[in-house]
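Just so it is clear, none of the values below were taken in a lab; they were calculated from the coordinates. Given the structure is predicted, the values throughout are model-derived calculations rather than measurements. No Cβ is skipped: glycine too gets one built from the backbone with ideal geometry, and neighbour counts run over all protein chains shown.
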Ligand SMILES: NC(=O)c1ccc[n+]([C@@H]2O[C@H](COP(=O)([O-])OP(=O)(O)OC[C@H]3O[C@@H](n4cnc5c(N)ncnc54)[C@H](OP(=O)(O)O)[C@@H]3O)[C@@H](O)[C@H]2O)c1
């Protein structure tokens, strides 16, 4: 089968298309024919050896796939050959076939197309867990989302709105903010040209945001923390800027706020049933038209390195997806 391999750590252009043998499954695994693979920030990190997960070389990146089950291990009871699924493989998704532990594979409804399906788990899974389980966001509260047109950011905008919050989307370009508006954001802030703290104060009448969703880190993080409301919840989601911020911890005291870590991958391992419940809820929200994946562009295995480069260059809005098999 064909795979896009990382044979030595480096930037996306170092990835190579190769023919590799079909992987063998263990008793608790399934083999999936990959129809599509979502492109996520960890793919950019994993090929540069900058991610917490370090598969042995050579490997194909690609952490979430949609596809059809080809083979089922003897201990797997809830899945069968021919099932349409989405799966969290961690890596290996930029390939025609991938082996995944059955507990990370979820059935999808027939009306969910493979491209949209491949853009569901990482982003909506993370943002739903962040807002619902970690922030316990309530209707009527104000949610500030940084990097709001990115993968997890745009999902947070949509989910925050669906949960009844007033959503302030913050991003680096007006074009990105227009998409956030279309996804339901009530207010927008362009942090390349506007003062984030001043704008949040103006929008919230000096009160600040009840929940801050931060997937980017860097210099903006402290500004955003200073813009939080009394008893606010600051969600540490990621560091797309490449810079892990250090907070003066008196800010937590002064604001009476909580700084809350969000590690969805670990949640899905430690609390698989809670994660499963969230995924079922997300699929139902999609079915009822409450959420809709925004597909930036569809790439092929051959052009997948470009998708990763666009992610690095902050060009992707919503999700890029690689179409693998017809
Ligand atoms: N905690 C978890 O469980 C979890 C789960 C999934 C992802 N994550 C993390 O969340 C972060 C975002 O992931 P994502 O898939 O949403 O990525 P994404 O689609 O690339 O979005 C990231 C956003 O960050 C902003 N950004 C600021 N500086 C950047 C830089 N130097 N390079 C790239 N983007 C930059 C960009 O928005 P502007 O141009 O508007 O600033 C971009 O849209 C990553 O760090 C990822 O590892 C965490």
Inset, instruction - Give the percent of DSSP beta bridges with both residues in the chain that are antiparallel, rounded to the nearest 5. - result: 55
Inset, instruction - Relative to the longest principal axis of the C-alpha atoms of the chain, give the angle of the C-alpha long axis of helix 151-162, reported between 0 and 90° and rounded to the nearest 10°. - result: 60
Inset, instruction - Evaluate the relative contact order of region 123-265 (contact order divided by residue number), counting alpha-carbon pairs under 8 angstrom at least 6 apart; express in whole percent. - result: 22
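For a footprinting-style exposure proxy, rank 193, 123 by other Cβ within 10 Å, fewest first. Each step should come with its number before you reach the end.
Working: 193 9, 123 28.
Fewest to most other Cβ atoms nearby, the residues stand as 193, 123.
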Legend entry - Extension gain, residue 250 back to residue 33 (0.36 nm per residue minus Cα-Cα distance, nm): 73.0 nm
Inset, instruction - Output the relative contact order of the chain, whole-number percent, from Cα pairs under 8 angstrom with separation of 6+ residues. - result: 18
Legend entry - For region 11-157: rounded, prolate or oblate by the Cα gyration tensor [a/c cutoff 1.5]: oblate
Legend entry - Cβ-Cβ FRET estimate between residue 103 and residue 175, R0 fixed at 30 Å, reported to 0.05: 0.15
Inset, instruction - Using the number of other C-beta atoms within 10 angstrom as an exposure proxy, rank 79, 254 with the fewest first. - result: 254, 79
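With a/c under 1.5 counting as rounded, go ahead and sort region 123-265 into rounded, prolate or oblate using the C-alpha gyration tensor (a ≥ b ≥ c being the square roots of the eigenvalues; past the cut-off, prolate if a/b is larger than b/c, else oblate).
rounded
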Legend entry - Nearest-0.05 FRET efficiency for residue 231 and residue 16, computed from C-beta distance (R0 45 Å): 0.30
Inset, instruction - Would you mind checking the tilt of helix 272-287 against the longest principal axis of the Cα atoms of the chain, expressed as 0 to 90 degrees and rounded to 10? - result: 80
Inset, instruction - Tell me the label-point distance for the pair residue 287, residue 138, using the 7 Å Cα-to-Cβ offset, in nm and rounded to one decimal. - result: 3.1
Inset, instruction - Report, in deg cm²/dmol and to the nearest 500, the calculated mean residue ellipticity at 222 nm for the chain, where each DSSP H run with n ≥ 4 adds -39500 (n - 2.57) and the sum is divided by the residue count. - result: -8000 deg cm²/dmol
Legend entry - Ranked 259, 68, 86, criterion: other C-beta atoms within 10 Å, fewest first: 68, 259, 86
Legend entry - Inter-site label distance for residue 280 and residue 298 at 7 Å from Cα along Cβ, in nm: 3.1
Legend entry - Label-point separation in nm, residue 26 to residue 271, each point 7 Å along Cα→Cβ: 2.6
